[in-house]
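A.B. asks: A single structure is presented below for examination.
The values are calculated or read from the model by the stated rules, or taken from the named source; none is laboratory data. Worth saying up front: this structure is predicted, and the values here are computed from it rather than measured. Heads up, the Cβs are rebuilt from the backbone with ideal geometry, glycines too, and the neighbour counts pull from every protein chain shown. SASA here: full protein model, heavy atoms, side chains in, ligands and nucleic acids out. Shrake-Rupley method; radii C 1.70, N 1.55, O 1.52, S 1.80 Å.
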Amino acid sequence: MTSTIDLAPPTMLRVGTRGSRLALFQTQRVVEALRGRYPTLGCETVVVSTQGDRDKQTPLSEIGGQGVFAKELQQAVLDCEIDCGVHSAKDLTSILPDGLMLAAVLDRADPRDVLISRHPGGLAGLPEGAKVGTSSRRRMVQLRIARPDLEPIELRGNVDTRLAKVLDDPDGPYDAAILAAAGVLRLGWELKISEYLDVAIFTPAPGQAALGVDCRVTDKTTRQLLAEIAHPDEMIAVEAERAFLRTIGGGCRSPLAAYASVEGEIIRMWCMYADETMDRIATAEDEADAEDGVALGERLARTLQERVEA
């Protein structure tokens, strides 16, 4: 496809990112996709420090949960310090700040969670009372459903840090950890995976494994550039998941999950929602026409809220 945008040098796009190894890797994928479409486009990678990166000790639920890895990047876009920000889509709030839009979702990596373990046999092979590291209340709920005898304990840090705490510290407290497959695979550590967890039980967070790029609504050139690298089916799926999150109440601290997959003209969705105490839990699975993905996400959110909050 030939672009209608004049990209003769010195056109330059300032692409914002967090500074972790994984974030930089993901941003490079976006840059390569842009350069593949526009060979003359110059891209400058700009690292922005976020609250979630600076504070690696406080549980995410206490420092703001969703948005702690995105707010500073988004503010830099709004302040015109960068032209767009690259995010793990699961880090984005359900409603973007005024003036921003989700301009592209790229092709998605493996959306599943994985188990990293010192013990053989995957999740079923963990001994009774084993300690499983995670910073996600969603995973704590799902772990309770799958293996109520296990003990979830807080585990923060970059993907490589978390892997090291489980596998390289024999005196540490962790028997295992649950992480997103995408991060482990993108860093080339697939051999460290003990088990891929079923999305019907360990349903991912909304946007998990997808890369989202936001930009200013008024920046038409950047919007058009990003539209050229967007994956149509993943845009539909992620928007359905974000509709679920938005309808539940995007900033709520209740554990939730939503994963959608588009196959042809059909979108299928798996969801989970629990109350803040993690005692009342509801799950659902349904499908709809792909063009009705947002409505599907909204409907499932209302259904699960009614079951949990009744």
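A.B. asks: Between a residue in region 281-308 that is under 11 Å from Ala240 (Cβ atoms) and any residue that is open to solvent by less than 60 Å² (accessible area, probe 1.4 Å) and among the polar types (S, T, N, Q), which pairs come within a Cβ distance under 8 Å, given they are 6 or more apart or on different chains?
C.D. replies: The qualifying pairs are Gly297/Thr247; Glu298/Thr247; Ala301/Thr247.
A.B. asks: Filter region 222-244 for residues that are within 21 Å of Val77 (Cβ to Cβ), among the aliphatic types (A, V, I, L, M) and part of a helix (DSSP H, G or I); which is farthest from the chain's Cα centre (by Cα)?
C.D. replies: Restricting to residues being within 21 Å of Val77 (Cβ to Cβ), among the aliphatic types (A, V, I, L, M) and part of a helix (DSSP H, G or I), the top hit is Leu225.
A.B. asks: Which condition number does Thr218 fail, the rest of (1) among the β-branched types (Val, Ile, Thr); (2) assigned to a loop (DSSP other than H, G, I, E, B); (3) in contact with a Lys or Arg (Cβ under 9 Å, 6 or more places away or on another chain) being met?
C.D. replies: (3)
A.B. asks: Only one of (1) in a strand (DSSP E or B); (2) buried (at least 24 other Cβ atoms within 10 Å of the Cβ); (3) in contact with a Lys or Arg (Cβ under 8 Å, 6 or more places away or on another chain) fails for Ile267. Which number is that?
C.D. replies: Single failed check for Ile267: (3).
A.B. asks: Let me ask you something else. Test each condition in (1) touching a Lys or Arg at 6+ places or on another chain (Cβ under 9 Å); (2) within 20 Å of Arg21 (Cβ to Cβ) for Ile193 and report the one that comes out false.
C.D. replies: (1)
A.B. asks: If the requirement is being surrounded by fewer than 23 Cβ atoms within 10 Å (Cβ to Cβ) and at pLDDT 95 or above, which of these qualifies: Ala181, Ala164? Steps first, answer last, please.
C.D. replies: Working: Ala164 fails: at pLDDT 95 or above.
Answer to the selection: Ala181.
A.B. asks: So which of Arg242, Arg216 is within 18 Å of Ala284 (Cβ to Cβ), among the basic types (Lys, Arg) and either touching a residue at least 40 places away in the same chain (Cβ under 8 Å) or buried (at least 17 other Cβ atoms within 10 Å of the Cβ) (or both)?
C.D. replies: Only one candidate qualifies: Arg242.
A.B. asks: Here is a further query. Kindly state which helices (runs of 4 or more DSSP H) lie completely within region 1-72 and contain at least 1 residues that are open to solvent by 60 Å² or more (accessible area, probe 1.4 Å) and either modelled with pLDDT of 55 or more or among the basic types (Lys, Arg) (or both).
C.D. replies: Fully inside region 1-72 and qualifying: 21-37, 51-54.
A.B. asks: Kindly indicate the residue of region 117-133 that is in a loop (DSSP other than H, G, I, E, B) and small (Gly, Ala, Ser) and also surrounded by the fewest Cβ atoms within 10 Å (Cβ to Cβ) among those meeting that condition.
C.D. replies: Once the filter is applied, the top-ranked residue is Gly129.
A.B. asks: Looking only at region 87-132, filter to residues that are in contact with a Gly (Cβ under 9 Å, 6 or more places away or on another chain) and of a type in the set (Gly, Ala, Ser); which one of those is modelled with the lowest pLDDT?
C.D. replies: Ser94
A.B. asks: On the given criteria, is Leu211 touching a residue at least 24 places away in the same chain (Cβ under 8 Å), among the aliphatic types (A, V, I, L, M), open to solvent by 10 Å² or more (accessible area, probe 1.4 Å) and within 20 Å of Thr93 (Cα to Cα)?
C.D. replies: No.
A.B. asks: While we're here: Working carefully through the options Val184, Val114, Val166, Val141, find the one that is under 16 Å from the mean Cα position of the chain (by Cα) and part of a helix (DSSP H, G or I).
C.D. replies: Exactly one residue qualifies, and that residue is Val184.
A.B. asks: Here is a further query. How many residues are part of a loop (DSSP other than H, G, I, E, B), in contact with a Ser or Thr (Cβ under 9 Å, 6 or more places away or on another chain) and buried (at least 21 other Cβ atoms within 10 Å of the Cβ) when one looks only at region 83-111?
C.D. replies: 2
A.B. asks: From the list Gly188, Gly157, which one is at positive phi and loosely packed, with under 14 Cβ neighbours inside 10 Å?
C.D. replies: Matching residue, one of Gly188, Gly157: Gly188.
A.B. asks: Among the residues of region 187-215, count how many are within 21 Å of the chain's Cα centre (by Cα) and outside any loop (DSSP other than H, G, I, E, B).
C.D. replies: Going through region 187-215 one residue at a time, the tally reaches 9.
A.B. asks: Also: Determine whether Asp171 is open to solvent by 30 Å² or more (accessible area, probe 1.4 Å), at pLDDT 95 or above and part of a loop (DSSP other than H, G, I, E, B).
C.D. replies: no
A.B. asks: Run Ser136 past the list (1) open to solvent by 10 Å² or more (accessible area, probe 1.4 Å); (2) modelled with pLDDT of 95 or more and report the number of the one that doesn't hold.
C.D. replies: Unmet for Ser136, out of (1) open to solvent by 10 Å² or more (accessible area, probe 1.4 Å); (2) modelled with pLDDT of 95 or more: (2).
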